[in-house]
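S.K.: This is the structure I have questions about; it appears just below.
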Amino acid sequence: MSILDWVRRSAELIAAEAERLSRLDAAIGDGDHGHNLDRGFAAAVEALPEHGTPGRALVVAGRTIVSTTGGVSGPLYGMAVRRAGKELGDAGVVDAVRLGAALRGALETVQELGEAQEGEKTMVDALAPAVAAYEQALAAGGDLAECTRAAADAAERGAQATVPMQARKGRASYLGKRSIGHLDPGAVSTALLIRALADLASEHA
Amino acid sequence: MVGIVVLAHSRKLAEGVAEMARAMGVGKAVVEPAGGDEHGGLGTSMERLKRAVRTADGGDGVVVLADLGSSVLTAKVFVAAAGTGVILVDAPLVEGAVAAASMAATGADLRAVVRAAEAARGHRKT
């Protein structure tokens, strides 16, 4: 599976869903989530190096996302992608074990930077179960396609589970109980990015 | 002299706080605003922050004050990459900027300016 393709596929998915993501954000935030991410990932696609390792490509993509996205999504997604790239290191091929380490690293970075735990209605509520499901599938002997599918399914369930949660982080937390009853846009976009991984892995399986 | 950067979602807010810190601080401090997104609208811009820190940096370090949310996160990421000479302080924006500017203008070092900004948190209003 090509990591460059993942960046491109993610950018396509986000562009297609930008309107919906921003609408979700408008309910409990400032309504720019989809368009911010769209700008960041489009810039990341443009910045992708033609040569070099997958890890290097992710580091470049992450840096570009940090500097072009705006909002909290820029630092969070950008640093997560960058960390994933660092975890891949100099590997020429992304296998299931390496991708698992990259996902785990991305989760750690998001939690460190955002100081968020599960249950606070953030992207962690999609990413944490995705990483757990990935690792479980990997331990059960799953290949790249199986592990990423498990992760994507768990991320989508995790995103859905943010609806009854009260936001504890970010702008939505100012709303207190009124943040209950809405999907968290960051969890939804996280699930999209992991679905992009699963789609690519199954196409190349 | 230690430089000060005011990072805020609004260009006007950042410029206003910087203006106050320069004027109300005791002596002449270097206070650079980094307000709004790249296009001047509401938001946070890593690029604006980078430019402001570069301008404020006279060689003795830079203290960054941030308003909220993405400003704080953007500053955290920037500071982590910038090394020891740039510090994000946990301080109220206006009081912290005025306190930091006052201390910086005395020629105090980075640690003293950071302490002054963070001590501003203790000034109660009721």
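The values are calculated or read from the model by the stated rules, or taken from the named source; none is laboratory data. Note that the structure is a prediction, hence the values are computed from the model and not measured. For neighbour counting, all protein chains shown are included, and Cβ atoms are generated from backbone atoms with ideal geometry for every residue, glycine included.
S.K.: If I ask for residues that are assigned to a helix (DSSP H, G or I) and not charged (D, E, K, R), which ones from region B:1-42 would you list?
M.R.: Initial filter on region B:1-42 (assigned to a helix (DSSP H, G or I)): B:11-24.
Across region B:1-42, the qualifying residues are B:LEU13, B:ALA14, B:GLY16, B:VAL17, B:ALA18, B:MET20, B:ALA21, B:ALA23, B:MET24.
S.K.: Determine which single condition A:GLU118 fails, assuming it passes every other condition in (1) under 16 Å from the mean Cα position of the chain (by Cα); (2) surrounded by fewer than 22 Cβ atoms within 10 Å (Cβ to Cβ); (3) modelled with pLDDT under 95.
M.R.: The number of the failed condition is (3).
S.K.: Can I ask one more? Out of the residues in region A:145-164 that are in a loop (DSSP other than H, G, I, E, B) and surrounded by fewer than 21 Cβ atoms within 10 Å (Cβ to Cβ), which is nearest to the chain's Cα centre (by Cα)?
M.R.: Within region A:145-164, the subset in a loop (DSSP other than H, G, I, E, B) is A:161-164.
Next, only the ones that are surrounded by fewer than 21 Cβ atoms within 10 Å (Cβ to Cβ) stay: A:161, A:163-164.
Working: A:ALA161: 16, A:VAL163: 18, A:PRO164: 21 Å.
Going through the qualifying residues, I end up with A:ALA161.
S.K.: Test of understanding: among A:MET79, A:MET1, which residue is among the hydrophobic types (A, V, I, L, M, F, W, C), more than 14 Å from chain B (Cβ to nearest Cβ), closer than 22 Å to A:ALA152 by Cβ and in contact (Cβ under 8 Å) with a residue 24 or more places away in the chain?
M.R.: Numbers: A:MET79 fails: more than 14 Å from chain B (Cβ to nearest Cβ).
Step by step, each of A:MET79, A:MET1 is checked, and only A:MET1 is among the hydrophobic types (A, V, I, L, M, F, W, C), more than 14 Å from chain B (Cβ to nearest Cβ), closer than 22 Å to A:ALA152 by Cβ and in contact (Cβ under 8 Å) with a residue 24 or more places away in the chain.
S.K.: Let me spell it out: the conditions are (1) on the phi > 0 side of the Ramachandran plot; (2) surrounded by fewer than 24 Cβ atoms within 10 Å (Cβ to Cβ), and A:GLY70 meets all of them except one. Which number is the exception?
M.R.: Checking A:GLY70 against (1) on the phi > 0 side of the Ramachandran plot; (2) surrounded by fewer than 24 Cβ atoms within 10 Å (Cβ to Cβ), the one that fails is (2).
S.K.: Tell me, yes or no, whether region A:102-110 has at least one residue that is closer than 19 Å to A:ALA196 by Cβ, surrounded by fewer than 23 Cβ atoms within 10 Å (Cβ to Cβ) and small (Gly, Ala, Ser).
M.R.: yes
S.K.: Tell me which residues, restricted to region B:56-69, are over 12 Å from the mean Cα position of the chain (by Cα) and more than 14 Å from chain A (Cβ to nearest Cβ).
M.R.: Selection gives B:GLY58, B:GLY59, B:ASP60.
S.K.: Follow-up. Kindly list the number of the only condition in (1) in contact with a Ser or Thr (Cβ under 8 Å, 6 or more places away or on another chain); (2) of a type in the set (A, V, I, L, M, F, W, C); (3) in a helix (DSSP H, G or I) that fails for B:VAL94.
M.R.: (1)
S.K.: Yes or no: A:ALA187 closer than 19 Å to A:SER22 by Cα and among the small types (Gly, Ala, Ser)?
M.R.: Numbers: closer than 19 Å to A:SER22 by Cα: yes; among the small types (Gly, Ala, Ser): yes.
Judged against the criteria, A:ALA187 is a match.
S.K.: Step by step: first the residues of region B:70-98, then only those that are small (Gly, Ala, Ser) and crowded, with 20+ Cβ neighbours inside 10 Å, then the one that is farthest from the other protein chains (Cβ to nearest Cβ). Which residue is that?
M.R.: B:ALA97
S.K.: So which of B:LYS50, B:LYS76, B:LYS125, B:LYS12 ends up being over 26 Å from A:GLY40 (Cβ atoms) and not aliphatic (A, V, I, L, M)?
M.R.: Every option except B:LYS125 fails the conditions.
S.K.: It is to be established whether one or more residues within region B:50-58 are touching a helix residue (DSSP H, G or I) at 6+ places or on another chain (Cβ under 6 Å) and either under 30 Å from A:THR109 (Cβ atoms) or among the polar types (S, T, N, Q) (or both). Break it down stepwise before answering.
M.R.: First, the residues of region B:50-58 that are touching a helix residue (DSSP H, G or I) at 6+ places or on another chain (Cβ under 6 Å): none.
Checking region B:50-58: not a single residue is touching a helix residue (DSSP H, G or I) at 6+ places or on another chain (Cβ under 6 Å) and either under 30 Å from A:THR109 (Cβ atoms) or among the polar types (S, T, N, Q) (or both).
S.K.: Scan (1) part of a loop (DSSP other than H, G, I, E, B); (2) touching a Phe, Trp or Tyr at 6+ places or on another chain (Cβ under 9 Å); (3) within 14 Å of chain B (Cβ to nearest Cβ) for the single condition A:GLY142 breaks and write down its number.
M.R.: (3)
S.K.: Moving to a separate point now. Do you know which of the residues in region B:24-42 that are within 14 Å of chain A (Cβ to nearest Cβ) and under 15 Å from the mean Cα position of the chain (by Cα) is surrounded by the fewest Cβ atoms within 10 Å (Cβ to Cβ)?
M.R.: Among those residues, the one meeting the criterion is B:GLY36.
S.K.: Are any residues in region B:43-55 surrounded by fewer than 23 Cβ atoms within 10 Å (Cβ to Cβ), within 14 Å of chain A (Cβ to nearest Cβ) and either free of Cβ contacts under 8 Å to residues at least 12 places away in the same chain or in a loop (DSSP other than H, G, I, E, B) (or both), and if so, which ones?
M.R.: If the condition is that a residue be surrounded by fewer than 23 Cβ atoms within 10 Å (Cβ to Cβ), within 14 Å of chain A (Cβ to nearest Cβ) and either free of Cβ contacts under 8 Å to residues at least 12 places away in the same chain or in a loop (DSSP other than H, G, I, E, B) (or both), then B:GLU47 is the only one that fits.
S.K.: Kindly list the number of the only condition in (1) in contact (Cβ under 8 Å) with a residue 12 or more places away in the chain; (2) out of contact with any Cys (no Cβ under 6 Å at 6 or more places or on another chain) that fails for A:TYR134.
M.R.: (2)
S.K.: Let me ask you something else. Would you mind finding the one in B:ASP37, B:ASP67 that is acidic (Asp, Glu) and either farther than 27 Å from A:HIS33 by Cα or in contact with a strand residue (DSSP E or B) (Cβ under 6 Å, 6 or more places away or on another chain) (or both)?
M.R.: Result of the check over B:ASP37, B:ASP67: B:ASP67.
S.K.: Also, I was wondering about something else. B:ALA101 - would you say it is more than 14 Å from chain A (Cβ to nearest Cβ), within 25 Å of B:LYS125 (Cβ to Cβ) and either in contact with a His (Cβ under 6 Å, 6 or more places away or on another chain) or in a helix (DSSP H, G or I) (or both)?
M.R.: Working: more than 14 Å from chain A (Cβ to nearest Cβ): yes; within 25 Å of B:LYS125 (Cβ to Cβ): yes; either in contact with a His (Cβ under 6 Å, 6 or more places away or on another chain) or in a helix (DSSP H, G or I) (or both): yes.
Criteria met by B:ALA101.
S.K.: Here is a further query. Do you know which residues across region B:77-95 are modelled with pLDDT under 95 and farther than 11 Å from B:VAL53 by Cα?
M.R.: Passing the criteria: B:VAL77, B:ALA80, B:ALA81, B:GLY83, B:THR84.
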